[in-house]
1. List the helices (runs of 4 or more DSSP H) that sit entirely inside segment 1-64 and contain at least 3 residues that are of a type outside the set (V, I, T) and under 34 Å from the mean Cα position of the chain (by Cα).
2. Name the pairs whose Cβ atoms lie under 6 Å apart, with the first residue in segment 369-390 and over 14 Å from R308 (Cα atoms), the second among the acidic types (D, E) and in a helix (DSSP H, G or I), and 6 or more positions between them or separate chains?
3. Collect the residues in segment 209-254 that are in a helix (DSSP H, G or I), open to solvent by 10 Å² or more (accessible area, probe 1.4 Å) and within 12 Å of L184 (Cβ to Cβ), keeping them in residue-number order.
4. Checking W461 against (1) within 21 Å of L356 (Cα to Cα); (2) assigned to a helix (DSSP H, G or I), which single condition isn't satisfied?
5. Against the definition (open to solvent by 70 Å² or more (accessible area, probe 1.4 Å), of a type in the set (D, E) and closer than 21 Å to R123 by Cα), how does E51 come out, yes or no?
6. What are the residues in segment 83-126 that are over 19 Å from R36 (Cα atoms), at pLDDT 75 or above and either in a helix (DSSP H, G or I) or in contact with a helix residue (DSSP H, G or I) (Cβ under 6 Å, 6 or more places away or on another chain) (or both), if any?
7. Take the residues of segment 385-432 that are of a type in the set (S, T, Y) and under 22 Å from L358 (Cα atoms): which is most open to solvent (accessible area, probe 1.4 Å)?
8. Between a residue in segment 403-422 that is over 16 Å from C464 (Cα atoms) and any residue that is of a type outside the set (A, V, I, L, M, F, W, C) and open to solvent by less than 10 Å² (accessible area, probe 1.4 Å), which pairs come within a Cβ distance under 7 Å, given they are 6 or more apart or on different chains?
Amino acid sequence: GTLLEVGALLLPHIVEIACHNFASHVLELFIMKLVREIYTKETHEVVELAENLFRKLCLDVASLISSVHGSYLLRIALQVLVGVRVEEDKRKRKRWDIGKNSFYETSNTHPSLKKILHKFTKRLVKIDVGDLMWSEKGAPLLSVLLILLHRTNNKSLPNLKSVISSSFDKKVTDYQGFEQFGSLPAVLLDSKASYVVQSFIKICSKEELENLYNQQYKDIVVPLSLHSTANYTIQTLLEHVPSRALAQDMCSKIVPIFEDLLAESITGVVISVTKCCHHHGLTSNFDIIKVLQDAFHIPDDQLHLFFRCIMSLTTHDVLLGKLESYKKPTLSGKPRRDRFEATLAGSLLLQGLFQLGLVGSLEEGLCGLSEDHIVYLSTDPQSSHAIQAFLSSLTIPATQKHRFLKTAVFVVDRLVTTPSGSRIVEAMWHAADSQIKSSIAQILISKESAVRDNTYGSIVWRNCNLKAFKLGVSSWEESERKKKKNIESFEKIISDKVTADKENGTENNELSNDIDMVESAILNDIVKPVKTKKTKKKRTDSENANNTTKKVKKSKKIKESIND
């Protein structure tokens with residue numbers, strides 16, 4: 001009843017509310033609540049309210065698209081109707097998990113909502129898509145619409161695809177820095193339109209992608225990779241490249257310009273090429289680590305500086321010049337601190353390499369870092385993610401991680417009380433063997449008061465189960481052995497499941513989700529003993545009466561014995 005009453009109040013002013021900065025969020029939650037109500041307890045009144053609400057939105061779509069908040073609400077409404085999340089911004093998605101009003105995800109759209117969705121998308125598709133994709137507010141809406149139409153196999157999708165394909169015909173030549181490459185598609189150079197093209201690439205079939213590459217991308221891969229906006233479509237194309245031959249053609253054109261890409265801090269293309277080579281088995285054709293070594297001008301006898309060059313995104317010559325300047329004394333007479341600058345682009349490149357297990361020549365520089373460098377890199381918000389990726393990678397051998405840990409273990413007390421450093425300490429704990437864990441625990445327990453009084457330190461104390469270590473090393477070692485045994489049994493289950501899936505040619509998503517839950521439970525170092533409280537059983541009135549009678553009889557016997 002309350003939902004219908006609120007809906008009746010909102011309907012007359014629905015467009016004004018949708019375009020308002022704060023009121024649009026109220027309407028967003030109301031739409032999610034309304035759709036959830038249809039799935040849980042469908043009534044004619046609720047369905048009618050939903051139809052009226054979306055009809056009102058359809059009547060004034062142009063006004064909504066011209067507004068930042070209105071276009072955002074249209075994107076949300078589309079996702080809620082289909083039951084599929086597309087929005088990737090976690091800050092916006094926080095509102096989608098609020099108890100009973102949360103986003104209702106489903107693989108089978110409700111029949112009543114299908115009718116509403118059909119009318120809604122039909123109205124949106126009628127808008128001039130050509131203008132929409134060049135609009136700052138319309139491009140995100142068109143991207144979401146493309147993906148959702150693909151998910152629902154909507155009949156309007158082919159027409160929409162043809163409109164986007166025709167947008168490549170518009171060429172431009174008056175752009176600075178790339179005149180030697182001739183004309184390029186304007187749709188790839190525009191920040192709004194290229195966002196739509198990325199969604200378009202994601203939903204294309206293998207044949208469509210091959211045609212798109214051969215007709216539009218093949219001869220201009222190099223300038224597009226070096227362009228500040230167009231490189232994102234190259235990254236998306238590398239992630240979804242359909243064949244090995246096409247992947248080899250793209251990589252053969254991009255690998256020679258690695259040095260130019262790094263000079264422009266376009267590390268995303270370098271990482272995408274690396275992943276593409278691994279996915280299509282082209283690692284023997286392209287030795288990425290060797291190519292990067294040449295790009296940074298690092299000689300074979302200076303590989304200990306390779307890691308520092310990538311992290312600071314400077315060539316070997318420039319880094320040597322900085323190292324020489326560090327030797328010069330300051331005004332106080334003390335030598336300068338040897339601390340290289342960590343960059344976001346360098347950290348992202350290292351993360352991509354470590355996730356794929358590509359350490360190679362980087363090992364010497366990473367494992368040879370001084371304690372001061374480890375503290376700096378582990379506490380820096382940018383570079384700490386690269387260190388965490390190295391320690392958490394499943395493809396990097398444990399021996400390489402332990403070599404790094406043997407130095408890092410002496411600075412855990414300086415890391416544990418910082419936001420970024422505490423994450424590194426936990427990653428170190430999970431990557432360590434029993435001996436290194438014991439060393440970490442002893443150092444942290446020696447600084448127990450400082451660790452437990454700190455917000456981040458107390459989290460590490462709990463997650464690493466240091467309380468159990470403090471109570472007794474033998475009991476802690478026993479719990480570690482049990483956890484190791486559980487992990488081994490879990491890995492056996494996984495390997496058996498993978499083997500069975502390969503033999504049967506099937507994939508069970510539900511089982512994989514269950515396995516993820518089991519894995520997180522096994523890998524959790526927190527041991528929470530269950531304390532059982534002794535509860536007294538409530539006595540009935542008859543039991544109480546019997547007890548009273550027994551007490552009275554007992555007191556009479558005592559009196560009689562005294563009188564005697």
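1. Helices (runs of 4 or more DSSP H) meeting the threshold: 23-40, 44-59.
2. none
3. Across segment 209-254, the qualifying residues are Q216, D219, I220, V222, L226.
4. (1)
5. So E51 fails the test.
6. K119, T121, K122, R123, L124, V125
7. Filtering segment 385-432 for residues that are of a type in the set (S, T, Y) and under 22 Å from L358 (Cα atoms), the one most open to solvent (accessible area, probe 1.4 Å) comes out as T399.
8. Pairs found: S420/S378; S420/S384.
The values are calculated or read from the model by the stated rules, or taken from the named source; none is laboratory data. Predicted model, so just to flag it, every value in this text is computed and none were measured. Heads up, the Cβs are rebuilt from the backbone with ideal geometry, glycines too, and the neighbour counts pull from every protein chain shown. Side chains are part of the model used for accessible areas, which takes the heavy atoms of the whole protein and leaves out ligands, DNA and RNA. Shrake-Rupley method; radii C 1.70, N 1.55, O 1.52, S 1.80 Å.
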